[in-house]
């Protein structure tokens with residue numbers, strides 16, 4: 001049976017086109033997907049992300065447990081509210097999921113993991129937690145709304161509960177504040193400033209309506225995907241999965257090798273992969289001819305070796321086709337893309353195209 005967020009009726013009242021997304025009935029767009037994309041890049045837009053899974057880790061060994069569970073090191077988190085992005089690996093260094101962890105205090109952390117991986121994530125976390133003195137608690141009673149764009153702080157802070165609004169106006173990027181069940185993280189998945197707001201389900205419709213009233217545009221999953229692609233942000237299930245490791249997925253920066261004696265799940269396998277040397281790497285691509293880059297298209301190198309596009313599409317900001325791809329490590333500055341038997345020219349770039357409204361590469 002397909003699941004619905006608490007805001008499902010609100011989306012339908014706004015005329016959203018709904019699709020099945022990982023078993024959830026979610027809005028893909030409310031009108032023009034390109035307009036929604038530009039609303040976020042140039043002003044402010046909001047997304048219902050209540051399908052995401054919120055998990056709280058509590059107990060005297062919470063930090064030790066998360067240092068073992070995650071490839072990044074939560075010991076970096078010393079300031080209350082600070083957030084960290086990490087992969088959660090299996091023993092072979094394959095990526096079970098990517099997530100954000102927030103430091104609340106020495107015995108309390110909050111994880112936000114992907115909706116499509118909820119069941120396997122929870123099963124894995126609970127299994128790995130058994131030797132530790134911790135409690136794992138899913139928080140399904142919380143809704144989650146992401147408000148993104150250069151005007152996000154201007155629009156959001158005045159309509160938050162008073163005490164929380166003052167705190168939110170001051171929080172630094174990749175940090176959070178909270179009051180009661182309201183939790184506001186200055187995080188996002190668009191490459192723009194903004195907030196991801198967790199709040200009680202019974203407050204979600206009212207807050208969504210307040211955001212509409214102050215001019216925040218509702219946006220669907222379509223715009224969220226083009227925004228994150230432009231920002232060079234990986235999507236689980238496309239750019240990474242349990243068969244791929246962080247080093248070949250553009251996520252080496254999320255692995256904390258220090259301290260040397262921290263034994264996280266997948267470390268031994270990852271060290272062996274690193275020592276052997278990588279055969280593939282993660283790159284960005286710009287199509288130099290007409291056409292649209294799509295996932296699973298073949299990337300052809302000058303020596304006839306091949307890679308694969310993992311995510312691709314049209315960039316509304318750059319007005320051209322872009323992609324993320326996993327390719328042989330010896331790739332040069334250009335390559336070709338096999339489009340229905342025709343080879344089309346593409347330029348290889350660092351996998352970040354647009355951030356904070358600005359194009360990051362020469363076009």
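The values are calculated or read from the model by the stated rules, or taken from the named source; none is laboratory data. Being a predicted model, the structure only gives us computed values, none of them experimental. For neighbour counting, all protein chains shown are included, and Cβ atoms are generated from backbone atoms with ideal geometry for every residue, glycine included.
Of the residues making up the range 8-34, those that are over 21 Å from the mean Cα position of the chain (by Cα), in contact (Cβ under 8 Å) with a residue 24 or more places away in the chain and either buried (at least 18 other Cβ atoms within 10 Å of the Cβ) or over 24 Å from residue 206 (Cβ atoms) (or both) are 10, 11, 16, 17, 30. Can you say whether residue 46 is free of Cβ contacts under 8 Å to residues at least 12 places away in the same chain and within 18 Å of residue 222 (Cβ to Cβ), as far as the supplied structure shows? So residue 46 fails the test. Filtering the range 137-154 to residues that are crowded, with 23+ Cβ neighbours inside 10 Å and either part of a helix (DSSP H, G or I) or not assigned by TED's automatic domain parsing to the domain that holds residue 124 (or both) leaves only 152. Of the residues making up the range 334-350, those that are closer than 24 Å to residue 41 by Cβ and either touching a helix residue (DSSP H, G or I) at 6+ places or on another chain (Cβ under 7 Å) or surrounded by fewer than 24 Cβ atoms within 10 Å (Cβ to Cβ) (or both) are 347, 349, 350.
Among the candidates 2, 57, which residue alone is buried (at least 24 other Cβ atoms within 10 Å of the Cβ) and within 27 Å of residue 141 (Cα to Cα)? Answer to the check: 57.
Can you find even one residue in the range 217-232 that is farther than 18 Å from residue 48 by Cα, surrounded by fewer than 22 Cβ atoms within 10 Å (Cβ to Cβ) and modelled with pLDDT of 95 or more? Show your work before the answer.
Narrowing the range 217-232 to residues farther than 18 Å from residue 48 by Cα: 229-232.
Narrowing the set further to residues that are surrounded by fewer than 22 Cβ atoms within 10 Å (Cβ to Cβ) leaves 231.
With modelled with pLDDT of 95 or more added as a condition, the list becomes 231.
Yes: one or more hits.
In the range 268-293, the residues that are not assigned by TED's automatic domain parsing to the domain that holds residue 249 and at pLDDT 95 or above reach residues that are assigned to a strand (DSSP E or B) and loosely packed, with under 15 Cβ neighbours inside 10 Å with C-beta atoms within less than 8 angstrom, at least six apart or across chains, in these pairs: 287/345; 288/345; 289/345.
For (1) assigned to a helix (DSSP H, G or I); (2) buried (at least 19 other Cβ atoms within 10 Å of the Cβ), each residue gets a yes or a no:
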| site | (1), (2) |
| --- | --- |
| 156 | yes, yes |
| 166 | yes, no |
| 170 | no, no |
| 177 | no, yes |
| 187 | no, yes |
| 190 | no, yes |
| 196 | no, yes |
| 204 | yes, yes |
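Going through 322, 265 one at a time, which residue ends up being farther than 26 Å from residue 118 by Cα and modelled with pLDDT of 95 or more? Before the answer, list the steps.
Working: 265 fails: farther than 26 Å from residue 118 by Cα.
The unique qualifying residue is 322.
For residue 296, the conditions (1) surrounded by fewer than 22 Cβ atoms within 10 Å (Cβ to Cβ); (2) in the same structural domain as residue 338 (by TED's automatic domain parsing); (3) in contact (Cβ under 8 Å) with a residue 60 or more places away in the chain are fulfilled apart from (3).
Does residue 84 meet the test of being touching a strand residue (DSSP E or B) at 6+ places or on another chain (Cβ under 7 Å), surrounded by fewer than 22 Cβ atoms within 10 Å (Cβ to Cβ), more than 26 Å from residue 173 (Cβ to Cβ) and in the same structural domain as residue 21 (by TED's automatic domain parsing)?
It is false that residue 84 is touching a strand residue (DSSP E or B) at 6+ places or on another chain (Cβ under 7 Å), surrounded by fewer than 22 Cβ atoms within 10 Å (Cβ to Cβ), more than 26 Å from residue 173 (Cβ to Cβ) and in the same structural domain as residue 21 (by TED's automatic domain parsing).
Assess whether residue 199 counts as being touching a strand residue (DSSP E or B) at 6+ places or on another chain (Cβ under 9 Å) and more than 28 Å from residue 77 (Cα to Cα). Criteria not met by residue 199. Every condition in (1) more than 28 Å from residue 223 (Cα to Cα); (2) over 20 Å from the mean Cα position of the chain (by Cα); (3) touching a residue at least 40 places away in the same chain (Cβ under 8 Å) holds for residue 156 except the one numbered (1). The set of residues in the range 315-363 being more than 23 Å from residue 302 (Cβ to Cβ) and without any contact (Cβ under 8 Å) to a residue 12 or more places away in the chain consists of 319, 358, 360.
What residue, among those in the range 159-184 that are touching a residue at least 12 places away in the same chain (Cβ under 8 Å) and over 23 Å from residue 6 (Cβ atoms), is farthest from the chain's Cα centre (by Cα)? That would be 163.
Quick one: which strands (runs of 3 or more DSSP E) lie wholly within the range 1-110 and hold at least 1 residues that are at pLDDT below 95? Spell out how you get there, then give the answer.
Working: elements: 17-21, 24-29, 45-48, 53-58, 83-89, 95-105.
Strands (runs of 3 or more DSSP E) meeting the threshold: 17-21.
The set of residues from the range 114-136 being touching a helix residue (DSSP H, G or I) at 6+ places or on another chain (Cβ under 6 Å) and in a strand (DSSP E or B) comprises just one member, 136. Under the condition of being in contact with a strand residue (DSSP E or B) (Cβ under 8 Å, 6 or more places away or on another chain) and surrounded by fewer than 18 Cβ atoms within 10 Å (Cβ to Cβ), the residues counted in the range 321-333 number 4.
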